[in-house]
1. Just name one of Ala112, Ala162, Leu148: the one whose Cα is farthest towards the positive end of the charge dipole of region 111-168 (beta-carbon charges, Lys/Arg +1, Asp/Glu -1).
2. In this model, which of Lys81/Lys123; Lys14/Lys108; Lys34/Lys136; Lys81/Lys132 are farther than 22 Å apart at the alpha-carbon?
3. Could you work out the Rg to Rh ratio of region 9-181, with Rh taken as the Kirkwood radius (inverse of the mean 1/r over all Cα pairs)?
4. Below 8 Å between Cα atoms, with a sequence gap of 6+, how large is the relative contact order for region 9-181 in percent?
5. Would you mind getting the accessible area per residue of region 9-181, heavy atoms of the protein chains only, 1.4 Å probe, in Å²?
6. About the Cα centre, and with charges only on the beta carbon of Lys, Arg (+1) and Asp, Glu (-1), how big is the dipole of region 9-181? Nearest 20 debye, please.
7. If I model a spin label at Asp156 and Ala67 as a point 7 Å from the Cα along the Cα→Cβ vector, what separation in nanometres do I get?
8. Please compute the length gained on full extension between Arg20 and Asp120, using 0.36 nm multiplied by the number of residues separating them and subtracting their Cα-Cα distance.
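The values are calculated or read from the model by the stated rules, or taken from the named source; none is laboratory data. Just so you know, these numbers come straight off a predicted model, no measurement behind them. Cβ: placed from backbone, ideal geometry, glycine included. Neighbour counts: every protein chain shown. For accessibility, only protein heavy atoms count, side chains too; no ligands or nucleic acids. Shrake-Rupley method; radii C 1.70, N 1.55, O 1.52, S 1.80 Å.
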Amino acid sequence: MQQQTAYSEVEAEKNVENNRLLFNCFRTTRSFQKLSKPEKAAAFYITQAFVGLAYKYQLRSLRRYSAKSVKEVVLTLFPKKIAATNVFFTSVIPVMRRYFVFLGVQHKISNAETLVRALDSIKVGDLLTGHKDASKWDSHKRVGMKYLMGYTREVDPKRVRAYEEDYNMGVPLRFCFDFSVNRVPKNMIMLTESLREKFEQILYEKNK
């Protein structure tokens with residue numbers, strides 16, 4: 001397979017859509033059911049962010065993931081680019097571990113064992129340390145963390161949604177905000193448009 005040398009928005013969308021279809025299968029498995037409640041709730045967004053980061057910054061799609069690329073996404077790109085809570089970050093490795101095994105069983109990747117070993121070599125503490133180190137955040141994550149922690153008083157729900165899509169790989173800040181108070185509503189994974197607006201308004205009210 002020839003290595004892609006330039007970023008393509010079309011290819012990025014294909015990767016995201018492919019992941020959405022695969023995740024819908026994954027969430028019906030026993031392996032998914034063995035995840036904790038916070039892990040289940042975060043799982044789709046974690047896989048989506050992983051796929052998005054791997055393509056945008058490494059030009060890698062599923063069949064081109066390597067041990068080195070996986071460790072870079074988890075240890076470097078997630079902490080630098082994604083605005084989320086500690087609970088979200090502690091869910092990254094267990095979710096991706098089960099997801100890679102699933103992708104291997106489905107013959108979507110041929111090196112599942114290698115990728116799982118790469119994840120197993122990462123200490124959750126190191127991932128959290130990277131996430132908490134503000135000196136490693138890029139400018140966009142700094143903005144997202146201000147939204148998330150309530151440091152930004154005037155929060156326009158439309159701006160929050162645009163931020164999530166443009167800079168946070170689709171990881172919703174309102175979702176992460178609910179993590180921070182240990183509430184994981186059962187209907188958070190499949191949000192309807194009305195629910196999206198509801199939770200954005202909650203975030204807005206809490207940050208007034």
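1. Going by the Cα projections, it comes out as Leu148.
2. The answer is Lys34/Lys136.
3. Over the Cα atoms of region 9-181, Rg/Rh equals 0.95.
4. Relative CO of region 9-181 lands at 27 percent.
5. 48
6. 340
7. Each label point lies 7 Å from its Cα, and together they span 4.8 nm.
8. Additional length available on full extension: 33.5 nm.
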